[in-house]
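The block underneath contains the structure these notes are about, expressed in structure tokens.
The values are calculated or read from the model by the stated rules, or taken from the named source; none is laboratory data. Since this is a predicted model, take the numbers as computed values, not measurements. Neighbour counts run over all protein chains shown; Cβ positions are idealised from the backbone, glycine included.
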């Protein structure tokens, strides 16, 4: 019994000592310092701690909705608004998409200090109707949506805090010399579906964007590859342009590229080592004018070369050597709408031991009609469930709408 009493006393003393270690620790001390901006606000659970106390009930513009469960957000979307309402000081996320807004005056943004996201997509905003410097004054702004408007120019100046800028589906044909200066934190820039041509990019506007990871330039008027892209780039979208060639050493400065999409261009020949990239996972060169295949890196997993003029798949060009210790990772090839008359050589399975699907589909062997190889889809290592799922995917693709194709021009939503 005495031993038990002694053990109880020792246990109590130990517990008291542990408690005292934290008794003088002030948890509020951490929030006195400037927050760490290594991660975007939408992944930071402590974002709300940066905002001072705001009134209850939460102040909200009468045209909008401010849900009690999300007191830092103000929803003004789909309300047929023609003007921007006054914005309460505490708001961090402002949603104004799908309205009839034509101008962005400075007035509503007066004293708005903590705004981190603005969505003004699907409106009628023109460049000259944006008050000069209205966005630049928002020193905490991280994400700005201006896609589907009527912008003729890049909306500068912008705050240096900006990380994600979406300007797709506008009428932008000009980039002023200093438009992209002072944006060191931009990681994602979307300029798809505008009127950009080679002359706009002669000034190498992206060269100083040292943190840029994704650049979308699809559906523009480019005839050559954009010059001097930053080495930080990981995702590049150039679909639906008129690019006819890729300089041989173009990607030497872009070793981090993971996904490259260049479908619907005028490519005819690919220099041998063009895609000798250590991290490339997805390569889409469909709907071009290629006559033969090319070397692909060991890292590549998905290759799309449909709707070209390829008559035979020369596996040796794609895979000049086999290394059992460093095998090719290719799992999927799409080669439909070419001019193939025979399937890919079985040597491919030595070069690409992980291959799961080769989609042959229909081939354009004759001028007036398409033909189909004996095996339209070759599948390997697939369970019956996976096989059925893959079949459904191809049926969906065959019946996709124009809207579906438009959506496919963008990378995974995580990077949009």
query = Across the stretch 135-168, what is the total count of residues that are out of contact with any helix residue (DSSP H, G or I) (no Cβ under 6 Å at 6 or more places or on another chain) and assigned to a strand (DSSP E or B)?
reply = 6
query = How many residues are closer than 17 Å to residue 373 by Cα, surrounded by 18 or more Cβ atoms within 10 Å (Cβ to Cβ) and either free of Cβ contacts under 8 Å to residues at least 24 places away in the same chain or out of contact with any strand residue (DSSP E or B) (no Cβ under 7 Å at 6 or more places or on another chain) (or both) if we restrict to the stretch 306-334?
reply = 4
ask   = Regarding residue 244, is this residue surrounded by fewer than 21 Cβ atoms within 10 Å (Cβ to Cβ), part of a loop (DSSP other than H, G, I, E, B) and at pLDDT 95 or above?
value = yes
inquiry  = Suppose we keep only residues that are in contact (Cβ under 8 Å) with a residue 12 or more places away in the chain and outside any loop (DSSP other than H, G, I, E, B) within the stretch 358-381. Which one would you say is surrounded by the most Cβ atoms within 10 Å (Cβ to Cβ)?
reply    = 358
request  = Report whether or not residue 171 is assigned to a loop (DSSP other than H, G, I, E, B) and more than 22 Å from residue 234 (Cβ to Cβ).
outcome  = yes
request  = Would you tally the residues in the stretch 217-233 being crowded, with 19+ Cβ neighbours inside 10 Å and farther than 22 Å from residue 177 by Cβ?
outcome  = 2
ask   = Taking the stretch 106-134 as the region of interest, how many residues are farther than 15 Å from residue 161 by Cβ and outside any loop (DSSP other than H, G, I, E, B)?
value = 7
query = Do we find that residue 190 is crowded, with 19+ Cβ neighbours inside 10 Å and within 22 Å of residue 227 (Cα to Cα) in this structure?
reply = yes
request  = Go through (1) assigned to a loop (DSSP other than H, G, I, E, B); (2) without any contact (Cβ under 8 Å) to a residue 60 or more places away in the chain one by one and return the number of the condition residue 239 breaks.
outcome  = (2)
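Yes or no: residue 212 surrounded by 20 or more Cβ atoms within 10 Å (Cβ to Cβ) and part of a strand (DSSP E or B)?
So residue 212 does not fit the description; no.
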request  = Give the residue that is farthest from residue 127 (Cα to Cα), with candidates limited to residues of the stretch 84-105 that are touching a helix residue (DSSP H, G or I) at 6+ places or on another chain (Cβ under 8 Å) and part of a loop (DSSP other than H, G, I, E, B).
outcome  = 92
task = Out of 207, 176, report the one residue that is surrounded by fewer than 22 Cβ atoms within 10 Å (Cβ to Cβ), at pLDDT below 95 and in contact with a strand residue (DSSP E or B) (Cβ under 8 Å, 6 or more places away or on another chain).
result = 176
ask   = With respect to residue 186, is the statement that it is under 18 Å from residue 211 (Cβ atoms), assigned to a loop (DSSP other than H, G, I, E, B) and at pLDDT 95 or above true?
value = yes
key: Residue among 162, 146, 151, 94 that alone is farther than 26 Å from residue 72 by Cβ and either surrounded by fewer than 19 Cβ atoms within 10 Å (Cβ to Cβ) or at pLDDT 95 or above (or both)   = 151
inquiry  = Every residue in the stretch 298-317 that is within 25 Å of residue 240 (Cβ to Cβ) and part of a loop (DSSP other than H, G, I, E, B), please.
reply    = 300, 301, 305, 306, 307, 308, 309, 310
